[in-house]
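A.B. asks: Just passing along the structure, written as structure tokens.
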Amino acid sequence: MARMTAYCILFVALGIALFCSGCATFAMRGHRCNGVPMRVMLLDRNAYNLRRKLPGPMPELKYITIHNTANRVSAVEERNYLNNRRDNVSVSFHYAVDEKEVVQLIPDDQHAWHAGDGTGDGNMKSISIEICRSLCRDKENHLYLRSEENAVRFTAWLLKKHGLGVDCLRMHKDWSGKNCPHRILEADSWDDFKKRVAAAM
Ligand SMILES: [Zn+2]
């Protein structure tokens with residue numbers, strides 16, 4: 001009888017565990033934005049991140065700023081790297097897009113440190129999108145090209161979501177002169193990028 005009771009408890013515990021992991025999987029699954037799967041994996045709100053990466057509410061949303069990561073890693077890896085950085089540099093961004101998905105790090109109504117213009121409009125009034133894999137070239141170039149295509153589709157979705165047009169798109173370079181997004185700048189394809197976004201809206 002004691003053994004039966006033990007089995008029953010085990011079954012119930014297993015059921016609860018399975019149910020909860022099912023919920024977690026569902027929450028992690030996220031949704032699609034213009035065909036691009038999105039996962040919300042917000043930065044941890046620990047004391048360090050609050051001080052260095054999550055400065056506070058965005059006073060007004062007027063722009064979306066496009067970046068290249070100047071790195072080879074995936075969107076989730078970019079997110080996890082930023083989440084764990086402890087080097088006393090104030091840097092953060094809202095979204096990272098790779099060939100598979102978009103990962104959200106910061107809510108749209110919060111501003112971030114991504115534009116290099118201090119408390120100017122780049123940091124204070126724009127949502128940042130990092131296009132990943134920008135150092136993938138030659139045999140891996142397809143990873144960048146697919147990441148950029150996903151960024152085109154996602155940017156179109158995000159502009160529409162906030163009632164903005166392609167005239168509200170900016171490059172990181174526009175705010176601070178930095179050579180970013182370096183792939184779009186070296187290909188001289190910014191106008192083409194905006195046309196592709198407009199076509200995807
Ligand atoms: Zn940038």
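Every number in this text was worked out from the coordinates using simple rules, so none of it is lab data. Here the structure is a predicted model, which is why all the values come from computation and not from measurement. Cβ atoms come from the backbone with ideal geometry, glycine included; neighbour counts cover every protein chain shown.
A.B. asks: Taking Cα atoms, how many degrees apart are the long axis of helix 190-200 and the longest axis of the chain, rounded to 10 and kept between 0 and 90?
C.D. replies: With both axes taken from Cα atoms, the answer is about 50 degrees.
A.B. asks: Please determine, in degrees from 0 to 90 and to the nearest 10, the orientation of helix 2-29 with respect to the longest principal axis defined by the Cα atoms of the chain, where the helix direction is its Cα long axis.
C.D. replies: Helix 2-29 sits at roughly 10 degrees to that axis.
A.B. asks: I would also like to ask the following. Are there trypsin sites (Lys or Arg not before Pro) in segment 69-149 that DSSP puts in a loop and that have at most 10 other Cβ atoms within 10 Å, and which ones? Please list the in-between numbers first.
C.D. replies: Values: sites: 72, 79, 85, 86, 100, 125, 133, 137, 139, 146; in loops: 72, 85, 86, 100, 133, 137.
When the trypsin sites (Lys or Arg not before Pro) of segment 69-149 are filtered for loop state and at most 10 Cβ neighbours within 10 Å, 86 remain.
A.B. asks: Compute the distance in nm between two label points, each set 7 Å from the Cα along the Cα-to-Cβ direction, one at residue 186 and one at residue 84.
C.D. replies: 2.8 nm
A.B. asks: Among the DSSP beta bridges whose two residues both lie in the chain, what percent are antiparallel, rounded to the nearest 5?
C.D. replies: Taking every DSSP beta bridge with both residues in the chain, the antiparallel ones total about 35 percent.
A.B. asks: Another question about this same structure. Between residue 119 and residue 50, with labels modelled 7 Å along Cα→Cβ, what's the label distance in nm to one decimal, could you check?
C.D. replies: Output for this residue pair reads 2.1 nm.
A.B. asks: Per DSSP helix of 4 or more residues, -39500 (n - 2.57); summed, then divided by the residues of the chain. What does that give at 222 nm, rounded to the nearest 500? Let's see the in-between values first.
C.D. replies: On the way: 8 runs with 91 residues, N = 201.
Dividing the helical sum by the residues of the chain leaves -14000 deg cm²/dmol.
A.B. asks: Ranking 184, 131 by Cβ neighbours within 10 Å, fewest first, what do you get?
C.D. replies: Lowest count first: 184, 131.
A.B. asks: Moving on to the next point. Tell me, 173, 194 in order of fewest to most beta-carbon neighbours within 10 Å? List each step's numbers first, then the result.
C.D. replies: Values: 173 20, 194 17.
Ordered by Cβ neighbours within 10 Å, fewest first: 194, 173.
A.B. asks: Round to the nearest 10 and give me the degree value, 0 to 90, for the angle of helix 75-84's Cα axis relative to the longest principal axis of the chain.
C.D. replies: 80 degrees
A.B. asks: Same structure again: Counting other beta carbons within 10 Å of each residue's own, what order do 95, 144 fall into, fewest first?
C.D. replies: So the ranking, lowest neighbour count to highest, is 144, 95.
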